[in-house]
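Notes follow the structure.
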Amino acid sequence: MTGDFVVALSGGIGGAKLALGLSRIVPADKLLVLANVGDDFEHLGLHISPDIDTLMYTLAGLDNAKLGWGRQDETWSFMETLAALGGEDWFRLGDRDLAVHVERTRRLRRGESLSAITADLCRRLGVGPRVLPATDDPVRTRLRTDEGWLDFQDYFVRLQCRPVVLEIAFEGADDARPHPDLLAALRDKRLRALIICPSNPFISVDPILAPPGMREALSACAAPVIAVSPIIGGRAVKGPTAKIMEELGMKPSASAVAERYGDLLDGYVMDVRDAEEAAHVAPKVTLAPTLMTTLAEREQLARVVLEAASGLTSRKRDRDFVA
């Protein structure tokens, strides 16, 4: 494989861990991380992009490892004052984090695109790789539950994932367009691998794939497409992946996630604890420790994924890109 450019699709925490590992072994100007925007929402008059911010803070070395979200060395004066005034305090916004949302909102209202703002914020925070929103158009994840339709953050944060999920929809996706810079990257003959990070396939990856033409564009790229399972031993490392799979009638397993991605994949990385499932997975399987509790483990998994991709032959799809 002669390519030297890597594209990674990522949601929040799990995906950001692998993205950080990749950033340690792939030159910054050769790594593009495509971020989910389905979690974005308006709160307290501010535009909040949770997955973009998690990627941004993680790649800048500013993430709060103790909480698993937000920024390190955070203070909470704003939230304490808001709560004392009787305001909505179910979505925690630290003071440093709040400044990002205020600035992003100001610039969006001025007419700047989300991708341009993200690029500038990343530059100012010292992020090397490019973090690119999957689309500059609004796509919002909504869930039909036993308590009715809920916006994603209401389900995920306010209700702590307790409602039973019956259906997932991506509002605005039909009118959204894949970012043109992504389409250009997928056409680039230097593309080495397209990696789907170990993010929730339903609420982190599916929103990325939802805009018309996106899945076809990813499928048509000449580089191998390889995913890392977010399920280890039938359980999700973080978040409601396994719970959602059960509620949608699927067995929570690494093989079921591979089946979900279908013919998009050329390769699949599963945890060594799921070795018995490998025979039931269609794309070529690589077994590796995938938990990533340390920085060294994140870097090692990134090496495994790239090495696995180098041994794959892309099934060149005879599809046209749809811009």
From the list 73, 53, 39, which one is modelled with pLDDT under 95 and of a type in the set (Asp, Glu)? 73
Out of everything in the stretch 229-248 that is small (Gly, Ala, Ser) and at pLDDT below 95, what residue ends up being farthest from residue 297 (Cα to Cα)? 242
For the stretch 158-175, give me each residue that is buried (at least 17 other Cβ atoms within 10 Å of the Cβ) and aliphatic (A, V, I, L, M). 165, 168, 173
(1) part of a strand (DSSP E or B); (2) surrounded by fewer than 22 Cβ atoms within 10 Å (Cβ to Cβ) all hold for residue 195 apart from (2)
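Working only within the stretch 86-125, note down all residues that are among the small types (Gly, Ala, Ser) and in contact with a Pro (Cβ under 6 Å, 6 or more places away or on another chain). Show your work before the answer.
Initially, the stretch 86-125 is screened for residues among the small types (Gly, Ala, Ser), giving 86-87, 94, 99, 111, 113, 115-116, 119.
If the condition is that a residue be among the small types (Gly, Ala, Ser) and in contact with a Pro (Cβ under 6 Å, 6 or more places away or on another chain), then 115 is the only one that fits.
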Would you mention how many residues in the stretch 268-309 are touching a residue at least 60 places away in the same chain (Cβ under 8 Å), crowded, with 19+ Cβ neighbours inside 10 Å and in a helix (DSSP H, G or I)? 7
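Restricting the search to the stretch 54-74, which residues are more than 21 Å from the chain's Cα centre (by Cα) and either surrounded by 13 or more Cβ atoms within 10 Å (Cβ to Cβ) or without any contact (Cβ under 8 Å) to a residue 12 or more places away in the chain (or both)? Can you show your working first?
Just the residues of the stretch 54-74 that are more than 21 Å from the chain's Cα centre (by Cα), to begin with: 73-74.
74, the sole residue that qualifies.
Report the residue count in the stretch 198-227 for those that are basic (Lys, Arg) and either buried (at least 23 other Cβ atoms within 10 Å of the Cβ) or in a strand (DSSP E or B) (or both). Full working, then the answer.
Filtering the stretch 198-227 down to residues basic (Lys, Arg) leaves 215.
Narrowing further to those that are either buried (at least 23 other Cβ atoms within 10 Å of the Cβ) or in a strand (DSSP E or B) (or both): none.
Of the residues in the stretch 198-227, 0 are basic (Lys, Arg) and either buried (at least 23 other Cβ atoms within 10 Å of the Cβ) or in a strand (DSSP E or B) (or both).
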Only one of (1) in contact (Cβ under 8 Å) with a residue 40 or more places away in the chain; (2) out of contact with any Leu (no Cβ under 7 Å at 6 or more places or on another chain); (3) not β-branched (Val, Ile, Thr) does not apply to residue 101, and that is (2)
Condition first: buried (at least 17 other Cβ atoms within 10 Å of the Cβ) and more than 21 Å from the chain's Cα centre (by Cα). Now tell me which residues in the stretch 97-106 satisfy that. 98, 105
Wholly inside the stretch 114-172, strands (runs of 3 or more DSSP E) that include 2 or more residues that are more than 26 Å from residue 62 (Cα to Cα) are 140-145, 148-151, 165-171
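Take the residues in the stretch 147-165 that are hydrophobic (A, V, I, L, M, F, W, C) and either under 19 Å from the mean Cα position of the chain (by Cα) or modelled with pLDDT under 95 (or both); name whichever of them is nearest to residue 89 (Cα to Cα).
Going residue by residue through the stretch 147-165, those that are hydrophobic (A, V, I, L, M, F, W, C) are 149-150, 152, 156-157, 159, 161, 164-165.
In the following step, the residues that additionally are either under 19 Å from the mean Cα position of the chain (by Cα) or modelled with pLDDT under 95 (or both) were identified as 152, 156-157, 161.
Values: 152: 17, 156: 15, 157: 11, 161: 17 Å.
Within the stretch 147-165, the match that is nearest to residue 89 (Cα to Cα) is 157.
The values are calculated or read from the model by the stated rules, or taken from the named source; none is laboratory data. Here the structure is a predicted model, which is why all the values come from computation and not from measurement. Please note: Cβ atoms are built from the backbone with ideal geometry, for glycine as well, and neighbour counts cover all protein chains shown.
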